[in-house]
Amino acid sequence: MRIVFIGPPGVGNGTQSNRLVAAYQIPHISTGEMLRAAIEQGTEAGKISAGFIDQGHLAPDSLVLALVEERLQQSDCERGYLLDGFPRTITQAQGLDQYLQARETPLSVVLELKVETALILERLAARGRDDDRPDVIRQRLERYAEQTAPLADFYRQKNLLQEIDGIGTPDEVFGRIQQVLMALPG
């Protein structure tokens, strides 16, 4: 099962990702975690990323793509994986698509959790983290809408996108995800 998880901050991707990787015994691949590790380890990719991140920018698509491709070549990804936080842009999605086509390992599904903005704001404010102030949350949601939301259309055109109602208990949402996954061919 090769899964991409998309959705704005606060919809429950983290909770549902943890459940999916446990249920399907596949690795959870988070580009955010990979970039943080590269920065901590002082790798070349980490040094380049740190320069962008320190200025409040996202790491370049080419760098993130190279990290993901390297990660997908590891043996624990042979049975599948869950990509979380990647791709973030159409350019990244196209690069991933080309890489997977060359390996003849296409994505199984792209899951998008859907939750109304008002509920997202409420959920994030309830977490109480420093970066969950209303002004910061709105900026993150705007950035998501500009850069990542077009991915839904990209994957819809490829008949890979499955929208999941993200409202309800974590068990209810996970049940909806499992219904979608069980209905996939193969």
Can you find a residue in segment 140-159 that is part of a loop (DSSP other than H, G, I, E, B), at pLDDT 95 or above, in contact with a Phe, Trp or Tyr (Cβ under 9 Å, 6 or more places away or on another chain) and under 25 Å from GLU69 (Cα atoms)? no
Answer yes if at least one residue in segment 121-144 is under 15 Å from the mean Cα position of the chain (by Cα) and of a type in the set (A, V, I, L, M), and no otherwise. yes
Pairs only if they're at least six apart or on different chains, beta carbon under 7 angstrom, first in segment 174-185 and in contact (Cβ under 8 Å) with a residue 60 or more places away in the chain, second surrounded by 11 or more Cβ atoms within 10 Å (Cβ to Cβ) and charged (D, E, K, R); list them, first residue then second. PHE174/ARG19
Whichever residue in segment 110-131 is assigned to a helix (DSSP H, G or I) and of a type in the set (Gly, Ala, Ser) and, among such residues, is surrounded by the most Cβ atoms within 10 Å (Cβ to Cβ): ALA125
Here are some conditions: (1) free of Cβ contacts under 8 Å to residues at least 12 places away in the same chain; (2) surrounded by 12 or more Cβ atoms within 10 Å (Cβ to Cβ); (3) more than 30 Å from TYR24 (Cβ to Cβ). GLY46 meets all but one. Which one does it not meet? (3)
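Go through segment 61-71 and count every residue that is more than 13 Å from ALA38 (Cβ to Cβ) and surrounded by 13 or more Cβ atoms within 10 Å (Cβ to Cβ). Explain how you work it out, then say what you get.
Step one: list which residues in segment 61-71 are more than 13 Å from ALA38 (Cβ to Cβ), which gives 61-62, 65, 69.
From what is left, the residues that are surrounded by 13 or more Cβ atoms within 10 Å (Cβ to Cβ) are 61, 65, 69.
Of the residues in segment 61-71, 3 are more than 13 Å from ALA38 (Cβ to Cβ) and surrounded by 13 or more Cβ atoms within 10 Å (Cβ to Cβ).
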List the pairs whose first member sits in segment 72-86 and is in contact (Cβ under 8 Å) with a residue 12 or more places away in the chain and on the phi < 0 side of the Ramachandran plot, whose second member is crowded, with 17+ Cβ neighbours inside 10 Å and in a helix (DSSP H, G or I), and whose Cβ atoms are under 6 Å apart, counting only residues at least 6 apart or on separate chains? LEU82/SER17; LEU82/LEU20; LEU82/VAL21; ASP84/SER17; PHE86/THR31; PHE86/VAL68
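When you check TYR99 against the structure, is it closer than 21 Å to GLN25 by Cα and among the hydroxyl-bearing types (Ser, Thr, Tyr), yes or no?
On the way: closer than 21 Å to GLN25 by Cα: no; among the hydroxyl-bearing types (Ser, Thr, Tyr): yes.
The answer is no for TYR99.
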Keeping to segment 90-120, report how many residues are closer than 15 Å to GLY80 by Cβ and under 15 Å from the mean Cα position of the chain (by Cα). 6
If PHE5 satisfies every condition in (1) in a strand (DSSP E or B); (2) over 26 Å from ALA183 (Cβ atoms); (3) among the aromatic types (Phe, Trp, Tyr) but one, which is the exception? (2)
Given the criterion touching a helix residue (DSSP H, G or I) at 6+ places or on another chain (Cβ under 8 Å), surrounded by fewer than 17 Cβ atoms within 10 Å (Cβ to Cβ), within 13 Å of PRO8 (Cα to Cα) and not hydrophobic (A, V, I, L, M, F, W, C), identify the matching residue among PRO150, PRO87, PRO134. PRO150
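Name the residue that is surrounded by the most Cβ atoms within 10 Å (Cβ to Cβ), counting only residues in segment 28-43 that are farther than 14 Å from GLY85 by Cβ and out of contact with any Gly (no Cβ under 6 Å at 6 or more places or on another chain).
So, considering only residues that are farther than 14 Å from GLY85 by Cβ and out of contact with any Gly (no Cβ under 6 Å at 6 or more places or on another chain), the one surrounded by the most Cβ atoms within 10 Å (Cβ to Cβ) is THR43.
The values are calculated or read from the model by the stated rules, or taken from the named source; none is laboratory data. The model shown is predicted, which means the values in this text are computed figures rather than measured ones. Note that we place each Cβ from the backbone using ideal geometry, even for glycine, and neighbour counts take in every protein chain shown.
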